[in-house]
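Notes follow the structure.
Here, each number is a calculation from the coordinates, and none is a lab measurement. Remember, predicted model here, so these are calculated numbers, not experimental data. Don't worry about glycine lacking a Cβ; one is built from the backbone with ideal geometry, like all the others, and counts go over all protein chains shown.
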Amino acid sequence: MRCPFCLNPNSKVVDSRPDKEGSSIRRRRECEVCGKRFTSHERVEEILPMVLKKDGRREPFDRLKLIAGIKKACEKRPVSVETIEKLVDRLETRLQEGQEREVPTTTIGELVMAELHEIDEVAYVRFASVYRSFKDINEFMDELQDLLKGSRS
């Protein structure tokens, strides 16, 4: 593991433990050259389906790309990075359990929106506005009205 401070490729593990959910291993490392400590997270690489884009292209599922999109929707909202990562963990688990070889972006988007709706309604609306590509303000207003009806009941 390369040291993030001096870029030396040699470090030693000084502590290792599973994370809270048991889905990854947290390793505390020390650089053998500069002596600084840093943390790495190790997880089993699992086989995820290909993502089928709206234009017909296929690309590998990209956890970091999904996290970045959700973070953007949650910007300046009381949603922690840990909450976002857990959301993506649940989504990955669901995709792996489904065992499909390809998953449309529409399916992934709907799953994310369902989770965001429960976590933070503003983040949900932000994500939906980009994901659904509303044609005009009336479509956007319809979505907001549906959201307001749901929170009143």
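Here are the numbers for the structure shown:
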quantity	calculated
Structure-derived mean projected area of the Cα convex hull in nm²: which label, when the choices are [x] 13.9; [y] 9.6; [z] 12.2	[z]
Extension gain from Asp19 to Met1, taking 0.36 nm per residue of separation minus the Cα-Cα distance	4.6 nm
At R0 = 35 Å, FRET efficiency that the Cβ-Cβ distance of Glu121 and Ile67 yields, to 0.05	0.95
Label-point gap, in nm, between Glu75 and Ile47 - each point 7 angstrom along Cα→Cβ	3.8
Highest-fluctuation residue, Ser40, Ser23, Ser129 considered, GNM on the chain with Cα pairs under 10 Å	Ser40
